[in-house]
1. Once the piece of chain linking residue 150 and residue 168 is laid out straight, how much longer is it, given 0.36 nm per residue of separation minus the C-alpha distance between them?
2. I'd like the FRET efficiency for residue 176 and residue 82, computed as 1/(1 + (r/R0)^6) with the beta carbon distance as r and R0 of 41 Å, rounded to 0.05.
3. Provide 206, 154 in ascending order of the number of other Cβ atoms located within 10 Å of each residue's Cβ, fewest first.
4. Which order do 71, 190 fall in if you start with the one that has the fewest other Cβ atoms within 10 Å?
5. Per 0.36 nm of contour for each residue apart, how much would the distance between residue 194 and residue 161 grow if the chain were fully extended, relative to their Cα-Cα spacing?
6. Need the full-extension length gain, residue 122 to residue 73, defined as separation in residues times 0.36 nm minus the C-alpha distance. One decimal, nm.
7. Over region 106-155, calculate the relative contact order: mean separation of alpha carbon pairs under 8 Å at least 6 apart, over the residue count, as a percent.
8. Between residue 186 and residue 49, what FRET efficiency follows from the Cβ-Cβ distance if R0 is 35 Å, with the result rounded to 0.05?
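What follows is calculated from the coordinates using simple rules that are stated; it is not laboratory data. From a predicted model like this one, the values you see are computed outputs, not experimental measurements. Quick reminder, even Gly has a Cβ in these numbers, built from the backbone with ideal geometry, and neighbours come from all protein chains shown.
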């Protein structure tokens with residue numbers, strides 16, 4: 001499976017804002033944006049006037065990087081969003097939020113989307129009682145997500161369980177006693193706290 005393997009802090013610097021790709025490090029003084037708040041490379045500190053196309057491209061790249069998705073898969077999600085009823089940009093965000101790795105991150109089972117993706121790949125979670133190890137699996141309203149019983153002894157799972165459910169979005173319900181999360185409904189735009197102007201991405205793909 002193709003995936004980005006280079007330094008993710010460069011991605012935040014390229015977009016000029018925190019994308020929270022490394023979990024706790026992003027909240028510490030070690031954060032690359034806190035130390036070097038300019039784009040990487042020889043000409044990173046030069047001021048450049050952004051064209052309309054450039055603004056649209058940066059929004060698309062920012063959204064891709066937040067969710068850790070490569071270009072071809074992102075284009076596929078956009079086509080899916082176009083086919084759905086409603087506003088294409090909002091449909092796109094809803095689809096991305098519905099990915100299992102993102103849901104695991106939102107619950108708090110992973111400190112970052114990257115870590116959540118790794119945990120899903122290792123088969124630590126069940127959706128409606130069945131093991132799912134595909135990070136791009138799209139959850140639906142009513143789906144129930146639990147931790148596989150044998151995974152409860154994992155040190156990483158144990159640490160993350162301490163903070164699971166503390167900052168849940170409205171569309172997810174979590175029972176700390178059973179370590180079970182239920183998707184109450186798919187999120188609307190107001191419930192998705194992603195700092196992106198999705199209409200610019202729609203305009204980019206409409207060119």
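1. 4.0 nm
2. Result of the calculation: an efficiency of 0.60.
3. 206, 154
4. So the residues, fewest neighbours to most, are 190, 71.
5. 9.5 nm
6. Stretched out fully, the residue 122 to residue 73 stretch lengthens by 15.5 nm.
7. Details: 45 pairs, mean separation 15.2, N = 50.
Relative contact order comes out at 30 percent.
8. Between residue 186 and residue 49 the formula returns 0.35.
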